[in-house]
Amino acid sequence: MGASSILPDLGTEILIPVCAVIGIAFSLVQWILVSRVKLSPGRDSGASGNSGAAGKNGYADYLIEEEEGLNDHNVVVKCAEIQNAISEGATSFLFTEYQYVGIFMVAFAILIFLFLGSVEGFSMKSQPCTYDLSRMCKPALATAALSTLSFLLGAVTSVVSGFLGMKIATYANARTTLEARKGVGKAFITAFRSGAVMGFLLAANGLLVLYIAINVFKLYYGDDWGGLFEAITGYGLGGSSMALFGRVGGGIYTKAADVGADLVGKVERNIPEDDPRNPAVIADNVGDNVGDIAGMGSDLFGSYAESSCAALVVASISSFGMNHELTPMLYPLIISSVGIIVCLITTLFATDFFEIKAVDEIEPSLKRQLIISTVLMTIGIGVVSWIALPPSFTIYNFGDQKLVKNWQLFLCVAVGLWAGLIIGFVTEYYTSNAYSPVQDVADSCRTGAATNVIFGLALGYKSCIIPIFAIAISIFVSFSFAAMYGIAVAALGMLSTIATGLAIDAYGPISDNAGGIAEMAGMSHRIRERTDALDAAGNTTAAIGKGFAIGSAALVSLALFGAFVSRAAISTVDVLTPKVFIGLLVGAMLPYWFSAMTMKSVGSAALKMVEEVRRQFNTIPGLMEGTSKPDYATCVKISTDASIKEMIPPGALVMLTPLIVGIFFGVETLSGVLAGSLVSGVQIAISASNTGGAWDNAKKYIEAGASDHARALGPKGSDPHKAAVIGDTIGDPLKDTSGPSLNILIKLMAVESLVFAPFFATHGGLLFKIF
């Protein structure tokens, strides 16, 4: 055991912040490049505008608009106006949401402090350590205060990540539309760059704040690393609890608008998707930014924070923590730092090394991103495991120490990383309209909406099979090598390429918005075709992003579960004891209860929206003819009010369940609830998001009419197309509200149980104590 790591502690202390700063700098560079596309009308709108325009592609960048004799100036002004409206709508919604969430944050922070402080009756004296009774550790009151602080830190970081992502997306959407006039490659790069801004900002911010928090807390804790990293777990709880409200609130907002706009616009009135005559169209585009971007950002930030916290908690009671070896202790953070550098190189492949010239190069280019980042990251992890870990060490494993070699830990991270890639590709196979599953769903639309729904549901259930095997194998491998720590770092492996994953993911809503803006600004058909191609690729990548989020959530939640079981001093969780079994049953029911709440919220909000849109079409004279403007603001208000009101009950369900179960039924039942919700939540989440993604792309497949088969199913407005729109509408709340929120449910309940574990272990199980 005497051998230490090759990388000195000073190296670690330099490496982590430097990588984080590089990530932030890179995202600023990408942002500057995006901002070069001008949104003020001028003759030379963002093109190089001189003889050098022939540039890279070998042909001059000319504007299609000029050949088609459309007035360039008006289009640019219109795009800028629409972008402004979308940006204002999104900002005002997020501010309203954060006001409500802020009240909750303060209340919950007080709760954490009271519960954890009461473990030793608010005493200020040092106590024997949890895992080593011979030594004295800092009092529980200190851990309570610092857990509360790290909870607030995590919450604020999560909110800021979501907000910045939304700002960047609304900044880039009209610019993508304008670039689409010059060709699909230009538009792709603009959308992808702005996605990268968000990905890198988020990854680097999450890492930097966590690193600074650890160093500040260390000033107080000194050598008590067990207490230090127990207090840090609040960071993950803060990140995920904000993500829950962002995801649920944003999801209800976006889908109420989307369903309302589709049902009245496309099905009843036969007008195109983002037609400016449709009153719900601005709300729909605002929703893409609020739900898919701000929600997704907070969500993946939460996963990242939690897997880091889970790994650090387990490491602090292993040989790293006991011998106070800083470099191996911070191994999870080093992996993330290297991940930022790897993603930076990967991003250059999409924006600078290869030019995209045709529509069919878009999806392969995005898939290449995943493959390149995974391959490079595997090398990166190998190097890190060699220099940052001692050749052999011990990992805490439910009461005893297990001997682990550094190559085994490398395999744990790598297996998580590759499982993520497999889940991504399987998701892509089931949701992209280039493959048979979605084409079969589209084909079933010939006989109406009912068969479409049946085929879509079957596809979603079937798409669970391979991802579950991938998760199962990675759990088995990583657990047998390095116990719970192995699972925590496998989750980190899956999230190590988070910057690229988020860039690909944010790209989707940005191109979706770009298409909407093109339609509203009345641009030509050819431009709408280009933005549609970008958008269809974006749909698939969004599904891949959700696959990553769900897979990593399963691993993270299992790792947190392990840390919780260790902290609550349960040696084994026995399924055959009634206490645990009733927990399992109730836990497995929770995702259904939660989905019921979110689906019904979308349904009732959409109902209000449909009524309002119908009212406007019927009462505003000249609306269908396009001579008068619809009242967009009322629709935005309906979405905002509905989502703020409806996000409270599902949020309360997730946040209160662990508290109620832990206080009244104790830690054994709570461990059952966590296991049950994990096992059932993953299945529903995967099937819901893939079903929704497949229906959406089946509709896109029919609309694009790229093959003979697709053209046989009809132009927009044919019966098969209407059946496809109905499927898409049913799938909307599945793929954008329930599905993505479920992965937060499983993580959040686990991390909350871990934070409150000292309290539950001391005072929990009231009902069983009475009898």
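Does the stretch 712-765 hold any residues that are under 18 Å from the mean Cα position of the chain (by Cα) and farther than 21 Å from Ala458 by Cβ, and which are they? Show your work before the answer.
Quick first cut of the stretch 712-765, residues under 18 Å from the mean Cα position of the chain (by Cα) only: 732-751.
Of everything in the stretch 712-765, those that are under 18 Å from the mean Cα position of the chain (by Cα) and farther than 21 Å from Ala458 by Cβ turn out to be Thr737, Pro740, Ser741, Asn743, Ile744, Leu745, Ile746, Lys747, Leu748, Met749, Ala750, Val751.
Please state which one of Glu752, Glu703 is at pLDDT 90 or above and of a type in the set (D, E, K, R). Step through it out loud before you land on a result.
Values: Glu703 fails: at pLDDT 90 or above.
That would be Glu752, the only listed residue that is at pLDDT 90 or above and of a type in the set (D, E, K, R).
Give the residue that is farthest from Thr346 (Cα to Cα), with candidates limited to residues of the stretch 200-213 that are crowded, with 24+ Cβ neighbours inside 10 Å and aliphatic (A, V, I, L, M). Lay out the reasoning, then the answer.
The first filter runs over the stretch 200-213 and keeps only residues crowded, with 24+ Cβ neighbours inside 10 Å, leaving 200-204, 206-207, 210.
Narrowing the set further to residues that are aliphatic (A, V, I, L, M) leaves 201-204, 207, 210.
Details: Leu201: 16, Leu202: 17, Ala203: 15, Ala204: 16, Leu207: 19, Leu210: 24 Å.
Here the answer is Leu210.
Being under 20 Å from the mean Cα position of the chain (by Cα) and open to solvent by 10 Å² or more (accessible area, probe 1.4 Å) is true for just one of Asp292, Asp352, Asp360, Asp299. Which residue is that? Steps first, please.
Working: Asp352 fails: under 20 Å from the mean Cα position of the chain (by Cα); Asp360 fails: under 20 Å from the mean Cα position of the chain (by Cα); Asp299 fails: open to solvent by 10 Å² or more (accessible area, probe 1.4 Å).
From the options Asp292, Asp352, Asp360, Asp299, the qualifying one is Asp292.
Just checking: which of the helices (runs of 4 or more DSSP H) contained wholly in the stretch 336-448 hold 2 or more residues that are within 25 Å of Ser308 (Cβ to Cβ)?
Details: elements: 362-388, 406-431, 436-443.
Output list reads 362-388, 406-431.
What are the residues in the stretch 348-379 that are out of contact with any Gly (no Cβ under 8 Å at 6 or more places or on another chain), β-branched (Val, Ile, Thr) and at pLDDT 85 or above, if any?
Those that are out of contact with any Gly (no Cβ under 8 Å at 6 or more places or on another chain), β-branched (Val, Ile, Thr) and at pLDDT 85 or above: Ile362, Ile371, Ile372, Val375, Thr378, Ile379.
Filter the stretch 456-469 down to the residues that are part of a helix (DSSP H, G or I) and surrounded by fewer than 24 Cβ atoms within 10 Å (Cβ to Cβ) and list them by number.
At the first step, the residues of the stretch 456-469 found to be part of a helix (DSSP H, G or I) are 456-462, 465-469.
Residues satisfying the conditions are Leu457, Ala458, Leu459, Tyr461, Lys462, Ile465, Ile466, Ile468, Phe469.
Would a scan of the stretch 438-453 turn up a residue that is at negative phi, of a type in the set (D, E, K, R), surrounded by fewer than 17 Cβ atoms within 10 Å (Cβ to Cβ) and free of Cβ contacts under 8 Å to residues at least 24 places away in the same chain?
Within the stretch 438-453, the first condition is being at negative phi, and the residues that meet it are 438-447, 449-453.
Still in the list and also of a type in the set (D, E, K, R): 440, 443, 446.
Next cut, surrounded by fewer than 17 Cβ atoms within 10 Å (Cβ to Cβ) only: 440, 446.
Subsequent filtering for residues that are free of Cβ contacts under 8 Å to residues at least 24 places away in the same chain retains 440.
Yes.
I'd like to check something: does the stretch 624-642 contain any residue that is acidic (Asp, Glu), closer than 25 Å to Lys462 by Cβ and assigned to a helix (DSSP H, G or I)? So that I can check it myself, show each step before the final result.
Step one: of the stretch 624-642, the residues acidic (Asp, Glu) are 625, 631, 641.
Pick out the ones that are also closer than 25 Å to Lys462 by Cβ and you get none.
Checking the stretch 624-642: not a single residue is acidic (Asp, Glu), closer than 25 Å to Lys462 by Cβ and assigned to a helix (DSSP H, G or I).
Among the residues of the stretch 609-623, write down those that are surrounded by 14 or more Cβ atoms within 10 Å (Cβ to Cβ) and not basic (Lys, Arg).
Within the stretch 609-623, Met609, Val610, Glu612, Val613, Gln616, Phe617, Ile620, Leu623 meet the criteria.
Residue-by-condition table, conditions (1) small (Gly, Ala, Ser); (2) open to solvent by less than 20 Å² (accessible area, probe 1.4 Å); (3) under 22 Å from Glu306 (Cα atoms); (4) in a loop (DSSP other than H, G, I, E, B):
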{"position": "Ala482", "(1), (2), (3), (4)": "yes, yes, yes, no"}
{"position": "Ala491", "(1), (2), (3), (4)": "yes, yes, yes, no"}
{"position": "Met494", "(1), (2), (3), (4)": "no, yes, yes, no"}
{"position": "Ile517", "(1), (2), (3), (4)": "no, yes, no, no"}
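Can you work out which of the residues in the stretch 547-580 that are in contact with a Phe, Trp or Tyr (Cβ under 8 Å, 6 or more places away or on another chain) and polar (S, T, N, Q) is least open to solvent (accessible area, probe 1.4 Å)?
Ser566
Quick one: in the stretch 363-375, of everything that is open to solvent by 10 Å² or more (accessible area, probe 1.4 Å) and in contact with a Phe, Trp or Tyr (Cβ under 7 Å, 6 or more places away or on another chain), which residue is farthest from Asn433 (Cα to Cα)?
Step by step, filter the stretch 363-375, then rank; the result is Ile372.
Spot the failing condition for Leu403; the list is (1) aliphatic (A, V, I, L, M); (2) modelled with pLDDT of 90 or more; (3) out of contact with any helix residue (DSSP H, G or I) (no Cβ under 8 Å at 6 or more places or on another chain), and only one is missed.
Unmet condition: (2).
Which residue is surrounded by the most Cβ atoms within 10 Å (Cβ to Cβ), if the candidates are limited to the stretch 733-759 and must be among the β-branched types (Val, Ile, Thr) and farther than 21 Å from Thr598 by Cα?
Looking only at the stretch 733-759, we keep the residues that are among the β-branched types (Val, Ile, Thr), and these are 737, 744, 746, 751, 755.
From what is left, the residues that are farther than 21 Å from Thr598 by Cα are 751, 755.
Numbers: Val751: 33, Val755: 30.
Looking at residues that are among the β-branched types (Val, Ile, Thr) and farther than 21 Å from Thr598 by Cα, I get Val751.
Report, ordered by the first and then the second residue, all pairs with beta carbons closer than 7 Å, sequence separation of six or more or different chains, a first member in the stretch 708-721 that is under 18 Å from Asp696 (Cβ atoms), and a second member that is among the hydroxyl-bearing types (Ser, Thr, Tyr).
Going by the 7 Å Cβ cut-off, the qualifying pairs are Ala710/Tyr701.
Tally the residues that are aliphatic (A, V, I, L, M) and open to solvent by 30 Å² or more (accessible area, probe 1.4 Å), restricting the search to the stretch 643-664.
Narrowing the stretch 643-664 to residues aliphatic (A, V, I, L, M): 644, 647-648, 652-656, 659-661, 663.
Those left that are additionally open to solvent by 30 Å² or more (accessible area, probe 1.4 Å): 648, 652, 656, 660, 663.
Result for the stretch 643-664: 5.
Consider Ala606 carefully, then state whether it is open to solvent by less than 40 Å² (accessible area, probe 1.4 Å), out of contact with any Leu (no Cβ under 9 Å at 6 or more places or on another chain) and either at pLDDT 90 or above or not hydroxyl-bearing (Ser, Thr, Tyr) (or both). Give the derivation first.
Numbers: open to solvent by less than 40 Å² (accessible area, probe 1.4 Å): yes; out of contact with any Leu (no Cβ under 9 Å at 6 or more places or on another chain): no; either at pLDDT 90 or above or not hydroxyl-bearing (Ser, Thr, Tyr) (or both): yes.
No: the conditions fail for Ala606.
So which of Val197, Val160, Val184, Val216 ends up being open to solvent by 40 Å² or more (accessible area, probe 1.4 Å) and either in contact (Cβ under 8 Å) with a residue 24 or more places away in the chain or more than 24 Å from Ile14 (Cα to Cα) (or both)? So that I can check it myself, show each step before the final result.
On the way: Val197 fails: open to solvent by 40 Å² or more (accessible area, probe 1.4 Å); Val184 fails: open to solvent by 40 Å² or more (accessible area, probe 1.4 Å); Val216 fails: either in contact (Cβ under 8 Å) with a residue 24 or more places away in the chain or more than 24 Å from Ile14 (Cα to Cα) (or both).
None of the other options fit; the residue is Val160.
Can Ile252 be described as open to solvent by less than 10 Å² (accessible area, probe 1.4 Å) and closer than 30 Å to Ala109 by Cα? Lay out the reasoning, then the answer.
Details: open to solvent by less than 10 Å² (accessible area, probe 1.4 Å): yes; closer than 30 Å to Ala109 by Cα: yes.
When the stated conditions are applied, Ile252 passes them.
Which one of these is modelled with pLDDT under 95, in a helix (DSSP H, G or I), out of contact with any strand residue (DSSP E or B) (no Cβ under 6 Å at 6 or more places or on another chain) and on the phi > 0 side of the Ramachandran plot: Gly662, Gly666, Gly692, Gly717? Before the answer, list the steps.
Working: Gly662 fails: on the phi > 0 side of the Ramachandran plot; Gly692 fails: on the phi > 0 side of the Ramachandran plot; Gly717 fails: in a helix (DSSP H, G or I).
The conditions single out Gly666.
Quick check on the stretch 760-771: of everything there that is of a type in the set (A, V, I, L, M, F, W, C) and in a helix (DSSP H, G or I), which residue is surrounded by the fewest Cβ atoms within 10 Å (Cβ to Cβ)? I'd like the intermediate steps shown before the answer.
Taking the stretch 760-771 and keeping what is of a type in the set (A, V, I, L, M, F, W, C), we get 760-761, 766-768, 770-771.
From what is left, the residues that are in a helix (DSSP H, G or I) are 760-761, 766-768, 770.
Numbers: Phe760: 24, Ala761: 19, Leu766: 12, Leu767: 12, Phe768: 13, Ile770: 7.
Taking the candidates together, the pick is Ile770.
Name the single residue that is modelled with the highest pLDDT among those in the stretch 121-157 being of a type in the set (Ser, Thr, Tyr) and open to solvent by 60 Å² or more (accessible area, probe 1.4 Å). Working first, answer last.
Here is the first cut: in the stretch 121-157, the ones of a type in the set (Ser, Thr, Tyr) are 123, 126, 130-131, 134, 143, 147-148, 150, 157.
Subset that is open to solvent by 60 Å² or more (accessible area, probe 1.4 Å): 126, 130-131, 134.
Working: Ser126: 73, Thr130: 67, Tyr131: 65, Ser134: 66.
Among those that are of a type in the set (Ser, Thr, Tyr) and open to solvent by 60 Å² or more (accessible area, probe 1.4 Å), it is Ser126.
Counting only residues that are open to solvent by less than 30 Å² (accessible area, probe 1.4 Å) and β-branched (Val, Ile, Thr), which one in the stretch 415-437 is farthest from Ala491 (Cα to Cα)?
The selected residue is Thr431.
Taking the stretch 454-472 on its own, how many of its residues are without any contact (Cβ under 8 Å) to a residue 60 or more places away in the chain and small (Gly, Ala, Ser)? Before the answer, list the steps.
Let us first name the residues in the stretch 454-472 that are without any contact (Cβ under 8 Å) to a residue 60 or more places away in the chain, namely 454-455, 458, 462, 465-466, 469, 472.
Okay, now just the ones that are also small (Gly, Ala, Ser), so 458, 472.
Summing the residues that are without any contact (Cβ under 8 Å) to a residue 60 or more places away in the chain and small (Gly, Ala, Ser) in the stretch 454-472 gives 2.
Specify which of the listed residues (Ala724, Ala698) is under 26 Å from His525 (Cβ atoms), crowded, with 20+ Cβ neighbours inside 10 Å, in contact with a Cys (Cβ under 6 Å, 6 or more places away or on another chain) and in contact (Cβ under 8 Å) with a residue 12 or more places away in the chain.
Working: Ala698 fails: in contact with a Cys (Cβ under 6 Å, 6 or more places away or on another chain).
Only one candidate qualifies: Ala724.
Given the stretch 226-333, what helices (runs of 4 or more DSSP H) lie entirely inside it while holding 3 or more residues that are touching a Phe, Trp or Tyr at 6+ places or on another chain (Cβ under 9 Å) and closer than 21 Å to Ala203 by Cβ? Spell out how you get there, then give the answer.
Values: elements: 281-287, 296-316, 319-322, 326-329.
Correct list: 296-316.
The values are calculated or read from the model by the stated rules, or taken from the named source; none is laboratory data. Treat the numbers as computed from the prediction; the structure is a model and nothing was measured. So basically every Cβ, Gly included, is an ideal-geometry build from the backbone, and we count neighbours across all protein chains shown. What goes into the accessible areas is simple: the full protein's heavy atoms, side chains included, and nothing from ligands, DNA or RNA. Shrake-Rupley method; radii C 1.70, N 1.55, O 1.52, S 1.80 Å.
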